[in-house]
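Following: one structure in structure tokens, then a few remarks.
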Amino acid sequence: MILDQDILPPNKPNGVPIIGKGNELTRQIIERLKNMGIQSITVAGHPVIIPGEETLEQALISLEDRFAAVRDDPYMMNIKGLFTKQIKQGYDEGP
């Protein structure tokens, strides 16, 4: 895995990166990051689907189902549009 964003110290978010973007992550590095309290990182490449998480398509289908009863309400459709945009942005940016 190749790091897609700098990893900053959890106690100094504006500090010098612990590991910079573009570096390869090894098991040892990942263990050290865990020990430092780093809970999430961003790696380059295709998104990984974790069991139990929805794909973008599944999330959009779930949203459609939730708003099915209010399809004729323009205000609710505006709200649905905002949720759709937020969901898509979340998948474009990744975990």
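Could you please let me know if SER40 is within 25 Å of LYS88 (Cα to Cα), touching a residue at least 40 places away in the same chain (Cβ under 8 Å) and outside any strand (DSSP E or B)? For SER40, the condition - within 25 Å of LYS88 (Cα to Cα), touching a residue at least 40 places away in the same chain (Cβ under 8 Å) and outside any strand (DSSP E or B) - is met. Among the residues of the stretch 49-61, not a single one is among the polar types (S, T, N, Q) and over 19 Å from the mean Cα position of the chain (by Cα). Of all residues in the stretch 26-37, none that is under 12 Å from PRO9 (Cα atoms) has its Cβ atom under 7 Å from the Cβ atom of a residue that is aromatic (Phe, Trp, Tyr) and assigned to a loop (DSSP other than H, G, I, E, B), 6 or more apart or on another chain.
In a residue-by-residue description of the stretch 23-32, the property of being assigned to a loop (DSSP other than H, G, I, E, B) and either closer than 25 Å to ASP92 by Cα or aromatic (Phe, Trp, Tyr) (or both) applies to at least one position.
Values in this text are rule-based calculations from the coordinates and carry no lab data. Owing to the predicted nature of the structure, the values given are computational and were not obtained by experimental measurement. Cβ coordinates were reconstructed from backbone atoms using ideal geometry, including for glycine residues, and neighbour counts include every protein chain displayed.
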